[in-house]
Amino acid sequence: KAYREVIFLLPLLFISSILQLSAHLYNNFMTYFEITYVIVLVNIISNIINVVLNILLIPRFSIYGAAFATVVATSIAFLAILFSSLSRVELAVRVAV
């Protein structure tokens, strides 16, 4: 009974963990191309988004609002790192060919 409320958080936290792991994999490209400032910038922006969403969602939805805010912020960070990495790789391939 004690875990009944928390059990519905696990899928959201699992999604967030997968997105964070995937973003870290693409961070290797950013490090290779020596543009680590993009990683810092994306992380700052996603953390600000997370805090703002937490302020807005936690009073209304409690722990589910916090979990949803984390998924949204992590998704934004992942997509930003993904598209930035892909554009750098595409540019590098064009230059090499």
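The values are calculated or read from the model by the stated rules, or taken from the named source; none is laboratory data. Remember, it's a predicted structure, so these values are computed and weren't measured experimentally. Positions of Cβ are backbone-derived with ideal geometry, glycine not excepted, and every protein chain shown enters the neighbour counts. With ligands, DNA and RNA removed, areas are computed over all heavy atoms of the protein, side chains included. Shrake-Rupley method; radii C 1.70, N 1.55, O 1.52, S 1.80 Å.
As a calculated quantity, the FRET efficiency between L82 and E5 at R0 = 35 Å, using C-beta atoms, amounts to about 0.60. Over the chain, DSSP H runs of length four or greater, each weighted -39,500 (n - 2.57), average out per residue to a 222 nm ellipticity of -30500 deg cm²/dmol.
Averaging the Cα positions of each part gives two centres, and for the stretch 54-79 and the stretch 13-37 these lie 19 Å apart. Calculate how steeply helix 36-61 sits against the longest principal axis of the alpha-carbon atoms of the chain, using the helix alpha-carbon long axis, and give the answer as 0 to 90 degrees to the nearest 10. That works out to roughly 20 degrees.
What angle do you read, to the nearest 10 degrees and between 0 and 90, between the alpha-carbon axis of helix 10-32 and the longest principal axis of the chain? Relative to the chain, helix 10-32 is tipped by roughly 20 degrees. At a probe radius of 1.4 angstrom, the accessible area of the chain per residue rounds to 71 square angstrom. Expressed as a whole percent, the accessible area of the chain that falls on carbon and sulfur atoms is 72 (1.4 Å probe). Each residue of the stretch 24-84 gets 58 Å³ once the volume of the Cα convex hull is shared out per residue.
Ranked from largest, the principal axis spans of the Cα set of the stretch 1-48 equal 50, 21, 10 Å.
At full extension, I45 and H24 could sit 6.0 nm farther apart than now, given 0.36 nm per residue minus the alpha carbon distance.
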